[in-house]
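Comments concern the structure below.
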Amino acid sequence: MARPNDSIIRTADICDDHGDARVCELQFRDFAARDHFHGEVVTFATFEDNKGIRGLIAEGGAGKVLVVDGRGSMRRALCGGNIAAEAQEHGWEGLVYNGAIRDSHEFAELDFGVKALGATAMPPRQNGLGRANEALVIGGIAVNPGDYLYADRDAVILLAGPVHG
């Protein structure tokens, strides 16, 4: 089955044509089979705690990208292979973590995008600290629910809405 993001939309091309593109200053690593994806932003703010992410993912993500602000912590993973597989099953275009994932070997065959700062072995806490649909600041840019995210090997960029044809 072809996914909507089968054609690559280059972030550099968007930045050439759209001076209002916000470029995230963080250098993410790619963990799943796709290094390019795009979609409407859904946000989740947390710190070393992923309780609530699974429920948010289960709401469905066709045409959407989940951006999780874990405040850059590399001590505890916010996503493992099971959660990532569930996100793919629920149609998410991609996941972006300002933090760590774990079980990275389980991500390689997933046919969607997963970007994170890195990987660690420690599991997340389950205290319920996370909040969905929060305005975030990640890598020097504002990330708002409903923004449109484009990601490829070069960058993660955001705009107020989609700009591709």
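Bear in mind that the values in this text are calculations on the coordinates, not laboratory data. Everything quoted here is computed from the prediction, not taken from an experiment. Here the Cβ positions follow ideal geometry from the backbone for every residue, glycine too, while neighbour counts run over all protein chains shown.
Starting from 0.36 nm per residue, how many nanometres of slack lie between His90 and Ala142 once their C-alpha separation is accounted for? Walk me through the numbers before you get to the answer.
Numbers: separation 52, 0.36 × 52 = 18.72 nm, distance 2.62 nm.
Length gained, His90 through Ala142: 16.1 nm.
What fraction of the Cα pairs in segment 11-158, stated in percent, has a spacing above 24 angstrom?
The proportion of pairs with Cα distances above 24 Å equals 21 percent.
Enumerate the calculated ³J(HN,Hα) couplings along segment 18-25 in order (Karplus 6.51 cos²θ - 1.76 cosθ + 1.60, θ = phi - 60°), each rounded to whole Hz, writing x wherever the residue is Gly or Pro.
9, x, 8, 5, 9, 9, 5, 7
Search the structure for amide H atoms under 5 Å from the amide H of Leu110, placed 1.01 Å from N in the peptide plane, and list their residues when 5 or more places away or on another chain.
Ala33
Calculate one ³J(HN,Hα) per residue across segment 73-81 by plugging θ = phi - 60° into the Karplus curve 6.51 cos²θ - 1.76 cosθ + 1.60, and present them in order as whole Hz with x for glycine and proline.
Ordered by residue, 3J(HN,Hα) equals 5, 10, 7, 9, 6, 9, 8, x, x Hz.
Can you give me the relative contact order of the chain as a percent, contacts being Cα pairs under 8 Å and 6 or more apart? Let's see the in-between values first.
Details: 433 pairs, mean separation 56.0, N = 165.
Once divided by the residue count of the chain, the mean separation gives 34 percent.
What FRET efficiency comes out for Arg71 versus Asp16 if R0 is 22 angstrom and r is the Cβ-Cβ distance? Round to the nearest 0.05. All intermediate terms of the calculation are to be shown ahead of the outcome.
Details: r = 32 Å, r/R0 = 1.44.
Efficiency, from the Cβ-Cβ distance: 0.10.
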